[in-house]
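Encoded as structure tokens, the structure appears first; notes follow it.
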Amino acid sequence: MRVLEDDLFPSTPGKVKIERAGNMNRQLHRCFASTSTMFLWALFLVAMTASYLSFQSFVDTSSKYFAASWGGLHWERQIRASAAPRRPPGSADGAGMSVLVTGAAGFVGTHCSLALRKRGDGVVGIDNFNAYYDPSLKKARKALLSSHGVFVVEGDINDGLLLAKLFDVVPFTHVLHLAAQAGVRYAMENPASYVHSNIAGLVTLLEACKDAYPQPAIVWASSSSVYGLNDKVPFSERDRTDQPASLYAATKKAGEEITHTYNHIYGLSITGLRFFTVYGPWGRPDMAYFSFTRNILQGKPITVYRGKDHVDLARDFTYIDDIVKGCLGSLDTAGKSTGTGGKKRGPAPYRIFNLGNTSPVTVPNLVSILEKHLRVKAKKNVVEMPGNGDVPFTHANISLAREQLGYKPTTNLDVGLKKFVKWYLSYYGYTRGSKNFRQ
């Protein structure tokens, strides 16, 4: 046992302290060496992770850029060529405008773009070609515009980068904002689409306009729906509009308040147009006159709504050519925006006008006119109007538009529907006496 103790504990007392101190130093050295190595590895891993994330971000950004349907030198040349006014030098109407038309492949957008191009103004369109109704009709309108030298960008007004790029490529003098989620009843099925297009999209566009140099004058489509439950007729711009009957109407009313704010804060020149039931060739398939025509030709029954106490619904049907005159008149008389660098330099015009026909027609009378021009009797189901946001009647007071825009509608419903039916039969390849046609 003594030997074991001597082996385990040396006879020299200081030797224990020296060896123990050496062991401790060696352990500390190993510890620090190990810690330094781990620290260096940690730094290396952090650096590698940061590099990977940066590269991934670059790839994502690049992918989005290359996947976009816009951009590039060729695209920019197309934009500039389409935006260039073509009025002859010394024209009595001036040098011409350069107009960005949103919703250009829509019903009103197509007609306005063609009218602007015809008189020599520069026009660039933008449209997202959504599937609210048959996109092939929108593509056909785009082809029509292209044949007249109007370039339409496929994009969304919620894309701030795209809008900024457009204003960077072309100093637009005017914006005709017609892009919107339309329809009263569809709002009950897809309410988010109305907020996305009619509110968020409007704000995105206004942001681009207030940052642009020079700031463009803006004419945009509000709606007669803002009059809502108002029972005072005819509807005047001075009437109350705080009782919307549908979400669609509420978003348009919100749009009027939003545009007023941008006019007040940023000096944007704003003109809002309250359209009254626009119809005509190249129209929207979701509108009653359009769907009535399709169903009558196919021998299907049509649903005719009736108001309370068996009162027929009535609308102030306005032919597309008259609406176009009002839109162009608004562009021509729009004062300049006064802001630069996103800051207001002085007061700018803020206007709202009714654009209607001033001659309401009942829905049964509309059906009778269609029967006459189609030479087919309709199968009618008359039912009471459901609570889906529709209003029983609309009637426009257009005295303000007549005074300030020279607006004067000239097409009555009989003449307008005759032109629509002619277009419809031609576009869908319908031959009288046959039920075989494209649709």
Return the subset of LYS118/LYS142; LYS252/LYS343; LYS232/LYS308 for which the Cα-Cα distance in this structure is over 20 Å, preserving the input order. LYS252/LYS343
Per-residue accessible area for LEU328 at 1.4 Å probe radius, Å² rounded to 10? 20
Percent accessible area from carbon and sulfur atoms, segment 98-168, protein chains only, probe 1.4 Å: 57
With respect to the cross-link table entries LYS138/LYS300; LYS138/LYS422; LYS253/LYS380, which display a Cα-Cα separation exceeding 29 Å? LYS253/LYS380
C-alpha center-to-center spacing [segment 246-318, segment 136-195] in angstrom: 18
Using label points projected 7 Å from each Cα along Cα→Cβ, tell me how many nm separate LYS408 and ASP231, to one decimal. 3.6
Would you mind getting the accessible area per residue of segment 251-317, heavy atoms of the protein chains only, 1.4 Å probe, in Å²? 35
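The values are calculated or read from the model by the stated rules, or taken from the named source; none is laboratory data. Fair warning: this is a prediction, and the values are worked out from it, not measured in the lab. Glycine gets a Cβ as well: all are built from the backbone with ideal geometry, and neighbour counts include every protein chain shown. For accessibility, only protein heavy atoms count, side chains too; no ligands or nucleic acids. Shrake-Rupley method; radii C 1.70, N 1.55, O 1.52, S 1.80 Å.
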